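Here is the structure we will look at.
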Amino acid sequence: MSPQERLHIERGGHVLVVEEIDGARWQVLSISLAETEIVPAKPGSAAHELHRDAQRAAVAAASKLGDKALVRPSRYSYEVEFHVADRGVAWRLRMQKDSRDVEEKLFHMPRNTDDEEEAFYGTHDLALSAGEHWVAAQRRY
């Protein structure tokens, strides 16, 4: 806990933290003076499969708590966005440390394909998977 987080809790607030659990799965903890509890993932699941989904769940939980909540920023994160490149369209993966871009990779969609929709979503899934693996690898150092 940082000094800022401790002070926030001492004043009756909650700190929401995303942490990795067994394998590359993620949970959100809500820490207060009274207790530490796991913020439930989607119904029927104890954890989030994607780091990105857990981070979004932490922000959503914080918005419900109002100014009583503080979300600990993830040191490592990523963004996937649609990108038009010289070689056609692609998904751009931006890997970030402390909210700053440190690496970028383009995932180009195949040009000659029978199923453009499958290529679109399949390439997006590849970029997401690469981002998740990158975050998990960084957290091990």
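The values are calculated or read from the model by the stated rules, or taken from the named source; none is laboratory data. Everything quoted here is computed from the prediction, not taken from an experiment. Backbone-built Cβ (ideal geometry, glycine too); neighbour counts: all protein chains shown.
Summary table below
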{"quantity": "Filter pass, Glu49 being at pLDDT below 90 and either in contact with a Cys (Cβ under 8 Å, 6 or more places away or on another chain) or not aromatic (Phe, Trp, Tyr) (or both)", "calculated": "yes"}
{"quantity": "When residues of segment 95-122 are limited to those that are touching a Gly at 6+ places or on another chain (Cβ under 8 Å) and at pLDDT 90 or above, the one surrounded by the fewest Cβ atoms within 10 Å (Cβ to Cβ)", "calculated": "His108"}
{"quantity": "Extreme residue, nearest to Lys42 (Cα to Cα), among residues of segment 56-75 that are modelled with pLDDT of 90 or more and surrounded by 17 or more Cβ atoms within 10 Å (Cβ to Cβ)", "calculated": "Ala57"}
{"quantity": "Which numbered condition Asp114 misses (of (1) without any contact (Cβ under 8 Å) to a residue 24 or more places away in the chain; (2) part of a strand (DSSP E or B))", "calculated": "(2)"}
{"quantity": "Residue tally, condition more than 22 Å from Asp125 (Cβ to Cβ) and either touching a residue at least 60 places away in the same chain (Cβ under 8 Å) or crowded, with 17+ Cβ neighbours inside 10 Å (or both), over segment 33-53", "calculated": "1"}
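For every residue, the table says whether it meets (1) among the small types (Gly, Ala, Ser); (2) in contact with a helix residue (DSSP H, G or I) (Cβ under 9 Å, 6 or more places away or on another chain); (3) farther than 22 Å from Met1 by Cα.
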site: Gly66; (1), (2), (3): yes, no, no
site: Leu70; (1), (2), (3): no, yes, no
site: Arg75; (1), (2), (3): no, yes, no
site: Val80; (1), (2), (3): no, yes, yes
site: Arg87; (1), (2), (3): no, no, yes
site: Leu93; (1), (2), (3): no, yes, yes
site: Asp101; (1), (2), (3): no, no, yes
site: Lys105; (1), (2), (3): no, yes, yes
site: Pro110; (1), (2), (3): no, yes, yes
